[in-house]
1. Efficiency by 1/(1 + (r/R0)^6): what FRET value for residue 225 and residue 168, r their Cβ-Cβ distance, R0 = 25 Å, to the nearest 0.05?
2. Report, in deg cm²/dmol and to the nearest 500, the calculated mean residue ellipticity at 222 nm for the chain, where each DSSP H run with n ≥ 4 adds -39500 (n - 2.57) and the sum is divided by the residue count.
3. Please compute the net charge surrounding residue 8, taking Lys and Arg as +1 and Asp and Glu as -1 over other residues with Cβ under 14 Å from its Cβ.
4. Using only the alpha carbons of the range 116-215, what is the convex hull's orientation-averaged projected area in square nanometres?
5. Which whole-number percent is the relative contact order of the range 1-97 (Cα, under 8 Å, 6+ apart)?
6. Net charge around residue 224, counting only other residues with Cβ within less than 12 Å of its Cβ (Lys, Arg = +1; Asp, Glu = -1)?
7. If you take the square roots of the eigenvalues of the alpha-carbon gyration tensor of the chain and sort them as a ≥ b ≥ c, do you get rounded (a/c under 1.5), prolate (a/b over b/c) or oblate?
8. Which whole-number percentage describes the relative contact order of the range 186-237, with Cα contacts under 8 Å and a sequence gap of 6 or more?
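Where a number appears in this text, it was derived from the coordinates with a stated rule and is not lab data. Keep in mind that this is a model prediction, so the values were computed, not measured. No Cβ is skipped: glycine too gets one built from the backbone with ideal geometry, and neighbour counts run over all protein chains shown.
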Amino acid sequence: HDIYEVAGDAGKKTLWVVFVLMLIASAGFTLMSWKVPVSKRLYHVITTIITLTAALSYFAMATGHGVSLQKIVIREQHDHVPDTYETTYREVYFARYIDWSITTPLLLLDLGLLAGMSGAHIIMAIVADLTMVLTGMFAAFGSEDTAQKWGWYTISCISFIFVIWHLAINGGANARAKGEKLRTFFVAIGAYTLILWTAYPIVWGFADGSRKVGVDAEIIAYAILDVLAKAVFGAWLLVTHANLRESDVEL
Ligand code: RET
């Protein structure tokens, strides 16, 4: 009578739906790239890699890869039978962290190029971002309510704050220098990104963290966030880029 927290039908269907949506987005971004000269395709390429990577990650999760059944906690049973224990297992979808370690740096690259940040500043934001994702993965593999688990979570959140702070301060200053139109767009898509990205550690806290939310709800919450943060973000960026000369990247 161990307890298993695993995906049900709703979760599994959701994984397949997002796989298809990410493929459609990738195809759409590729078609859009063919409408502009090669020299203007950098955002298209970056953004297509983002949704393609997500498609691979969702294919993995939908087919049962990239997920491990993690032993979370062992409790003594209080049914007057001595020495009997109940173990709780929960699925940890570690494919997400592999996905995020590729896609979140590329999202930051999109935003960094848009703002006109220097290579060095973009790399600093990306290193903090990778620290956030990898320490978040260690948190996910911790046992229930340990200092280890929440310690990693705290380190991940601090890294996240550094990413945001860096993008807002350095990115904001550079975007301002590129004129009013670009600054307005950077602030809008930056705020959109900030709100969505902030939802991830909140979902994590209720799902992987305190396990108040089941695996299906976790899958659905991340699915909505992933579609908004990757596919909708990408569409918005590419459509705006087509009509905003200041966003052109000189390499
Ligand atoms: C974790 C848990 C530990 C604390 C923090 C997290 C932040 C995750 C973020 C993920 C963003 C993902 C995106 C994916 C694809 O579009 C690892 C959940 C701070 C910010 C944008």
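1. 0.80
2. -22000 deg cm²/dmol
3. -2
4. Answer in nm², one decimal: 6.6.
5. That works out to 35 percent.
6. -1
7. Note, shape of the chain comes out prolate.
8. Taking the mean separation of contacting Cα pairs over the length of the range 186-237, I get 42 percent.
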